[in-house]
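Everything on this sheet refers to the single structure shown next.
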Amino acid sequence: MAQYTRIEVAQIMKDTGIVPLFYHEDIETVKKVVTACYDGGARVFEFTNRGDHAQDIFSELSKWIANTLPGMILGIGSIVDSGTASLFIQKGANFIVSPILNAEIGKVCNRRKIAWLPGCATLSEINYAEELGAEIVKIFPAAEVGGPNFVKSILAPCPWSSIMPSGGVSPEKENLTNWFRAGAHCVGMGSKLIVKNKNNDFDYQTITNLTKSSIEIVNQLKKEN
């Protein structure tokens, strides 16, 4: 059962500004990546459902985070049907992220008052997602959909919308500045944040540093606005 309400999830996403997303079949690797992000200040983490037995990894990860990393909110991404959403909710998912807009997923999440971030690519999809109860909508793939200008254009007629770009977001100051000045609620970051070293091993210290610097950039941008 979710430990955080959808309103708490939405607020923490806004406060920290970044949502790291990651999948790996080795639970120990996942724990190290989550810890690296946590040490950098991240308090939301999206584990992506992209491999066999992902639900077993997530279940163990959920229990471990609850006992080890206080305040870290774990959710699940890459969910495309309501049955899978229900499965991960039973395993402790605090939010559900999807690359698509599927009304049945929204219904499942709303029954349990769990945050649901559906993937949208048009204003009509965003409007429908909000009608179905989505507090935050994900635009995906964000760079290809239209980039920061798309976010800015959407918020002009619909300033109440909360948008999380995902895909094409990086920890560089210029990139983050463009997204947040356009009005992003938060951003999702994967491989640009969860980096490897020259030996093709995950560079946990760099992940921590990038997470910390990204949050600092976002906080500075908020002060400027």
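The values are calculated or read from the model by the stated rules, or taken from the named source; none is laboratory data. Because the structure is predicted, anything quoted here is derived from the model rather than measured. Neighbour counts are summed over all protein chains in view; Cβ atoms, including those assigned to glycine, are modelled from backbone coordinates with ideal geometry. Quick note on the areas: whole protein, heavy atoms, side chains included, nothing else; ligands and nucleic acids left out. Shrake-Rupley method; radii C 1.70, N 1.55, O 1.52, S 1.80 Å.
Per-structure values
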quantity: Per-residue [θ]222 nm for the chain (sum of -39500 (n - 2.57) over DSSP H runs n ≥ 4, rounded to 500); calculated: -15000 deg cm²/dmol
quantity: Average accessible area per residue (Å²) across segment 1-141 - probe 1.4 Å, nucleic acids and ligands excluded; calculated: 42 Å²
quantity: Exposure of Trp64 as accessible area (Å², to 10), given a probe of 1.4 Å and all protein chains; calculated: 60 Å²
quantity: Accessible area of Glu174 in the full protein assembly, 1.4 Å probe (Å², nearest 10); calculated: 140 Å²
quantity: Structure-derived mean projected area of the Cα convex hull in nm²: which label, when the choices are [x] 11.3; [y] 21.4; [z] 18.4; calculated: [x]
quantity: Cross-link pairs Lys192/Lys222; Lys91/Lys222; Lys63/Lys192; Lys91/Lys138; Lys173/Lys198 - those with Cα-Cα distance over 31 Å; calculated: Lys91/Lys222
quantity: Cβ-based net charge around Asn110, under 12 Å, with every Lys or Arg adding one and every Asp or Glu removing one; calculated: +2
quantity: Packing-based order for 6-12, 72-78, using average beta carbon neighbours within 10 Å, highest first; calculated: 72-78, 6-12
quantity: Mean Cα-pair separation over length for segment 1-98, i.e. relative contact order, pairs under 8 Å, 6 or more apart, %; calculated: 35 percent
quantity: Over the chain, relative contact order from alpha-carbon pairs under 8 Å, at least 6 apart, %; calculated: 22 percent
quantity: Candidates Pro141, Pro157, Pro99: whichever shows maximal mean-square fluctuation once the chain is modelled as a Gaussian network with Cα springs under 10 Å; calculated: Pro157
quantity: Signed unit charges on C-beta, dipole axis of the chain, positive-most listed residue Phe150, Ser78, Asn219; calculated: Asn219
quantity: About the Cα centre, charge dipole magnitude for the chain (Lys/Arg +1, Asp/Glu -1 at Cβ), debye; calculated: 460 debye
quantity: Centroid-to-centroid separation of segment 7-66 and segment 116-160 [C-alpha atoms, Å]; calculated: 23 Å
quantity: Glu216 - accessible surface, heavy atoms, 1.4 Å probe, Å² rounded to 10; calculated: 100 Å²
quantity: Most mobile listed residue (Asn49, Asn200, Asn127) in the chain, GNM with C-alpha springs under 10 Å; calculated: Asn200
quantity: Bridge type composition, the chain - antiparallel percent by DSSP, nearest 5; calculated: 5 percent
